[in-house]
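Down below is the structure, laid out as structure tokens.
Laboratory data are not the source of any read-out in this text; all were calculated from the coordinates shown. The structure displayed is predicted, hence computed values, not measured ones. Backbone-built Cβ (ideal geometry, glycine too); neighbour counts: all protein chains shown.
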Amino acid sequence: MIATCPLESFPADGCAVVIGAGGGIGAALADGLAASGRFPAVHALRRADLDLEDEASIAAAAARLDVPPRLVIVATGLLHGQGVAPEKALRAVDPAALLKSYAVNAVGPVLVAKHFTPLFPRTGKAVFAALSARVGSLGDNRLGGWHGYRASKAALNMLLRNVAIELTRSRPQAVCLALHPGTVDTGLSAPFQGGVPGERLFTPAFSAARLLEVIDRRGPEDSGGVFDWADKPVPW
């Protein structure tokens, strides 16, 4: 099933970009954007096109756009991988793994904003969005643990707030959002599914459709905020 949303709040004169289109949510977002028919082009960028740990590749990807972007979504995240795993206790904290989490989850997305948001048109709605996570909320943290993932997503939220403030100065109708997609049936969540009683598990298409609806509804007054798949604010 393809995520569908008309995205009628956007002018139909710019392209859309999804970074992380090789993942489950990213692929579903790219499919949904293409199905909307709102954008003349949808660029679905994968690791081979853009490496979040290589700023030169980010700058090069931005330079390849031949139509100004109206929507840029960073649909990436690192929870586990080679040398990285959610920490259950302080004794498991590893500085190299922490730095890796920050590089992918916080530094990479803000570098995308650095190179892509200056391409936004100066008038009309344009959105920069990145996938955050509810576990990055300080106010909602009741369990502790997962130090690297929590802290890097909290850092992302603050960086996006800064991006929102700066965007307002030159593009008052632009919007910057951090988005919590819910628990989605992807490789990122696979080892941890079912760990929370009553937790809802979404398909990538369902989550993508809800996130596109959030993006379509939110305006400049919401810029810098964190919202979940149900369009509810996530506490800082």
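Just need the relative contact order of segment 59-154 here, percent rounded to a whole number, with Cα pairs under 8 Å and 6+ apart.
43 percent
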Requested in this report: Among DSSP beta bridges lying fully in the chain, give the percent that are antiparallel, nearest 5.
Outcome: 10 percent
Query raised in the report: If amide H atoms are built 1.01 Å from N in the plane of the peptide, which residues on other chains or at least 5 residues away come under 5 Å of the amide H of residue 175?
Result: 126, 127, 128
Query - Farthest toward positive dipole pole in the chain [+1 Lys/Arg, -1 Asp/Glu at C-beta], among 10, 154, 112 - result: 154
**Report entry** Shape of segment 14-107, Cα gyration tensor, a/c cut at 1.5
**Finding:** prolate
Query raised in the report: What are the extents of the Cα atoms of the chain along their three principal axes, listed from largest to smallest and rounded to whole Å?
Result: 51, 36, 33
Query raised in the report: Whole-Hz Karplus ³J(HN,Hα) for segment 224-234, in order, using 6.51 cos²θ - 1.76 cosθ + 1.60 and θ = phi - 60°, x for Gly and Pro?
Result: x, x, 10, 10, 9, 4, 8, 6, 9, x, 9
Requested in this report: Between residue 166 and residue 34, take the C-beta separation as r, use R0 = 30 Å, and let me know the FRET efficiency to the nearest 0.05.
Outcome: 0.50
Report summary line: Subtracting the Cα-Cα distance of residue 63 and residue 47 from 0.36 nm times their residue separation yields 4.1 nm
Query raised in the report: Can you give the relative contact order of segment 15-228 as a percent, counting alpha carbon pairs under 8 Å and 6+ residues apart?
Result: 22 percent
Report task. Name the long-range amide H neighbours of residue 229: under 5 Å, sequence gap of 5 or more, or other chain; modelled H, no Pro or chain starts. Result -> 180, 182
Requested in this report: Mind giving me the FRET efficiency for residue 232 and residue 80? R0 is 22 Å, r the Cβ-Cβ distance, nearest 0.05 is fine.
Outcome: 0.25
Query - Dipole in debye (nearest 20) - segment 15-228, about Cα centre, beta carbon charges: Lys, Arg +1; Asp, Glu -1 - result: 360 debye
Requested in this report: Apply the Karplus parameterisation 6.51 cos²θ - 1.76 cosθ + 1.60, with θ equal to phi minus 60°, to every residue of segment 207-214 and state each ³J(HN,Hα) to the nearest whole Hz, in sequence, with x for glycine and proline.
Outcome: 4, 4, 4, 5, 5, 5, 5, 4
**Report entry** Extension reserve of the residue 122-residue 93 stretch, reckoned as 0.36 nm per residue once the Cα distance is removed
**Finding:** 6.1 nm
Query raised in the report: Short version: ³J(HN,Hα) in whole Hz for each residue of segment 171-178, in order, from phi by Karplus 6.51 cos²θ - 1.76 cosθ + 1.60 (θ = phi - 60°), x for Gly and Pro, what are they?
Result: 9, x, 9, 7, 10, 10, 10, 9
